[in-house]
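Novice: Questions regarding the structure given below will be posed in turn.
The values are calculated or read from the model by the stated rules, or taken from the named source; none is laboratory data. Everything numeric here is computed off the predicted structure, so don't read it as measured data. Ideal geometry is used to build each Cβ from the backbone, glycine not excepted, and the neighbour counts take in all protein chains shown. In case anyone asks, the SASA skips ligands and DNA or RNA and just uses the protein heavy atoms, side chains included. Shrake-Rupley method; radii C 1.70, N 1.55, O 1.52, S 1.80 Å.
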Amino acid sequence: MKQPHQQGVLDGLCSIYSIINSLRLVVGNISVNQCKYLLIESIKAIEEKKASSDFIVDGIGINDLAYIMRCVIEKEYPMVKRSKPFHKNSDATIDDFWERTEDFLLVPKRAAIVGLATAEIGHWSVIRSISAKRLYLFDSSGLHFLNKSNCTTEKLVPTLTYYLELKE
């Protein structure tokens, strides 16, 4: 029997969903209408930058994600601080990533956007919490968790990680 397509099968908008979902965890109560507004503004920003809509199907990389954060999110949510903790650390191990992200997420109203990669797909997701053995996700395509035993730095890419939190 055929199954219905899920978000992400026909589109590459997981990056924008990850931004919006992380904001929902950090900022709190964001209305559906505000989320739709952020989705539309993010799409417009990338269309203007790329002069193409191919990214809607193909997805975007870390530079375009950063562009959305700068051009759209900082305007709407100036109280949100973002950082790329592993930006220049391509040697970070999965244990480094796990420990640092776990410590970061111990504080309420924080989230981490992470790039996931497999041979078949690239995907952006949001980590809402971590235990010793598992990442718990707030994911647009229905992923609920990732087991640490299945994670490598090739599958869960530290350099493609953003931390979001409220400014002090």
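Novice: Collect the residues in segment 1-57 that are touching a Cys at 6+ places or on another chain (Cβ under 9 Å), open to solvent by 90 Å² or more (accessible area, probe 1.4 Å) and closer than 24 Å to VAL107 by Cα, keeping them in residue-number order.
Specialist: Scanning segment 1-57 gives a single hit, ARG24.
Novice: Of all residues in segment 67-97, which are within 16 Å of the chain's Cα centre (by Cα), of a type in the set (A, V, I, L, M, F, W, C) and exposed (fewer than 15 other Cβ atoms within 10 Å of the Cβ)?
Specialist: none
Novice: Out of the residues in segment 109-119 that are part of a loop (DSSP other than H, G, I, E, B) and closer than 15 Å to LEU156 by Cβ, state the one that is most open to solvent (accessible area, probe 1.4 Å). Can you show your working first?
Specialist: Taking segment 109-119 and keeping what is part of a loop (DSSP other than H, G, I, E, B), we get 109, 118-119.
Cutting the leftovers down to closer than 15 Å to LEU156 by Cβ gives us 118-119.
Numbers: THR118: 76, ALA119: 104 Å².
Applying the filter and picking the extreme gives ALA119.
Novice: Being among the polar types (S, T, N, Q) and under 19 Å from VAL126 (Cα atoms) is the filter; apply it to segment 35-67 and report the residue that is modelled with the highest pLDDT.
Specialist: In the first step, residues of segment 35-67 are kept if they are among the polar types (S, T, N, Q); the result is 42, 52-53, 63.
Right, trim to under 19 Å from VAL126 (Cα atoms) and you get 42, 63.
Numbers: SER42: 96, ASN63: 92.
Among those that are among the polar types (S, T, N, Q) and under 19 Å from VAL126 (Cα atoms), it is SER42.
Novice: State yes or no: is HIS144 touching a strand residue (DSSP E or B) at 6+ places or on another chain (Cβ under 7 Å) and without any contact (Cβ under 8 Å) to a residue 12 or more places away in the chain? Lay out the reasoning, then the answer.
Specialist: Working: touching a strand residue (DSSP E or B) at 6+ places or on another chain (Cβ under 7 Å): yes; without any contact (Cβ under 8 Å) to a residue 12 or more places away in the chain: yes.
It is true that HIS144 is touching a strand residue (DSSP E or B) at 6+ places or on another chain (Cβ under 7 Å) and without any contact (Cβ under 8 Å) to a residue 12 or more places away in the chain.
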